[in-house]
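The values are calculated or read from the model by the stated rules, or taken from the named source; none is laboratory data. It should be emphasised that the depicted structure is a prediction, and the values quoted were computed from it without experimental measurement. For neighbour counting, all protein chains shown are included, and Cβ atoms are generated from backbone atoms with ideal geometry for every residue, glycine included.
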Amino acid sequence: MVVLLTEAGENIGLGHVTRCRAVAEAFRADGYLATVFADVHGEIPDLSGPNVKSFSWKQELEHLDEILDGAEVAFIDSYRADQDLCARISQEVSLSVVFDDFNRIRYPVDLILNPNPHAPQLGYEKQRAEIEGGSDFVILRPEFLPHRGGFTPRDHCTEIFITAGGDDYRALLPKLLSRLVREQYHLRVAAGSRVEELRREYAAHEDVTIHGYLTASEMASEMTQVDAAVSAAGQTLHELAFLGVPTVGICIDNDQQGNLRAHTQSGFLPRELFWDQENLTGEVVSELRVLGDREIQKERSEAGQSLIDGKGPKRIVDIVLRVDKNDNYV
């Protein structure tokens, strides 16, 4: 049995849950029982499902032992779990695995997996666990896989997909929409928790479509129908790269800096942009204008697809099954 412990909600977003879900599905495809337990903060979309449960595993420690009972493997995907909690979880299972994005702490676990392209640039020398990571381990939801190749370069850039994460705690969407509407772009917005606010604001704008929380299939479909995207630099950026949708990426927190750098170095992103920089919306408009060139769209699309192939969850399953409790490959 495989248990995946993660978190979602205010100032966290949904990226941790979506990647744990994808890995759980990969384990189930190999015949393993896998369940995701999400510690939820604030209002987010319904996480209920046969293999996803809401549970405050960082607070309800007396019940944590219960859900770990019988588990051979436990994944921890959290920015808030400390060393003591990680150690406690590790002691209860045969193999403990952490998803780490930026070498957050010294983890008392068996295996550290960094499912991001920038993993090789991080200094993991002080960690005692086995280390794996990089582009080969980028996690995509399975619903995105059939949409590979769905983007076609155009001779224009007028239809734009915009997302700033499910929570948009940097309040980027109101600023971006205000500027891009003036530029007469046709906008498709994944607004998450800001859906009602933005629908009221742009009710009279026929060229602005405001969505709330989208399913993975809906998200992939929206992404492949546009000319370009504007996105935060988290999990969604990997999805856009896999689909080959030319993107302007914006770093909204420290854990996204590595993603931004890796996708810029690959040629998928034009340059690094940050949520708090001066004249951000003007810089976004400048980059979207560049994407009116069909050849530039083609180059960026190919760069993104060459970096991420969508096989990360299966590779994670394979490598976990080859590692034993003594940190040896078997």
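In table form, for the structure just shown:
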read-out	value
Identity of the residue in the range 176-200, more than 22 Å from GLN235 (Cβ to Cβ) and in contact with a Ser or Thr (Cβ under 9 Å, 6 or more places away or on another chain), that ends up modelled with the lowest pLDDT	GLN184
Qualifying residue in the range 16-27 (condition: assigned by TED's automatic domain parsing to the domain that holds VAL98, modelled with pLDDT under 90, on the phi > 0 side of the Ramachandran plot and within 20 Å of the chain's Cα centre (by Cα))	no
Selection from the range 122-143 of residues that are under 20 Å from GLN83 (Cβ atoms) and hydroxyl-bearing (Ser, Thr, Tyr)	TYR124
Those residues of the range 217-244 which are without any contact (Cβ under 8 Å) to a residue 40 or more places away in the chain and in contact with a Ser or Thr (Cβ under 7 Å, 6 or more places away or on another chain), in sequence order	LEU237
Matching entry among ARG148, ARG128 (being of a type in the set (D, E, K, R), closer than 30 Å to LEU291 by Cα and more than 15 Å from the chain's Cα centre (by Cα))	ARG148
Selection status of ASP82, surrounded by fewer than 20 Cβ atoms within 10 Å (Cβ to Cβ), modelled with pLDDT of 95 or more and over 21 Å from GLY134 (Cα atoms)	yes
Listing of strands (runs of 3 or more DSSP E) fully contained in the range 37-155 that carry 2 or more residues being closer than 17 Å to VAL323 by Cβ	73-77, 95-99, 111-114, 130-133
Total residues in the range 88-141, condition buried (at least 22 other Cβ atoms within 10 Å of the Cβ), of a type in the set (S, T, N, Q) and either touching a Pro at 6+ places or on another chain (Cβ under 6 Å) or within 21 Å of LEU64 (Cα to Cα) (or both)	1
Residues (outside any helix (DSSP H, G or I) and within 21 Å of the chain's Cα centre (by Cα)) located in the range 297-325	ILE308, ASP309, GLY310, LYS311
Candidate set: the range 156-175, residues that are of a type outside the set (S, T, N, Q) and assigned to a strand (DSSP E or B); chosen: the one surrounded by the fewest Cβ atoms within 10 Å (Cβ to Cβ)	GLU159
Residues (within 16 Å of the chain's Cα centre (by Cα) and surrounded by fewer than 21 Cβ atoms within 10 Å (Cβ to Cβ)) located in the range 242-268	ASP253, ASN254, ASP255, GLN257, ARG261
Test result for GLY212, within 16 Å of the chain's Cα centre (by Cα), under 29 Å from CYS20 (Cβ atoms) and not aromatic (Phe, Trp, Tyr)	no
Given (1) part of a loop (DSSP other than H, G, I, E, B); (2) of a type in the set (S, T, N, Q); (3) touching a helix residue (DSSP H, G or I) at 6+ places or on another chain (Cβ under 8 Å), number of the condition SER178 does not satisfy	(1)
Residues located in the range 258-268, provided they are under 22 Å from ALA171 (Cα atoms) and either without any contact (Cβ under 8 Å) to a residue 40 or more places away in the chain or outside the structural domain of SER231 (by TED's automatic domain parsing) (or both)	LEU260
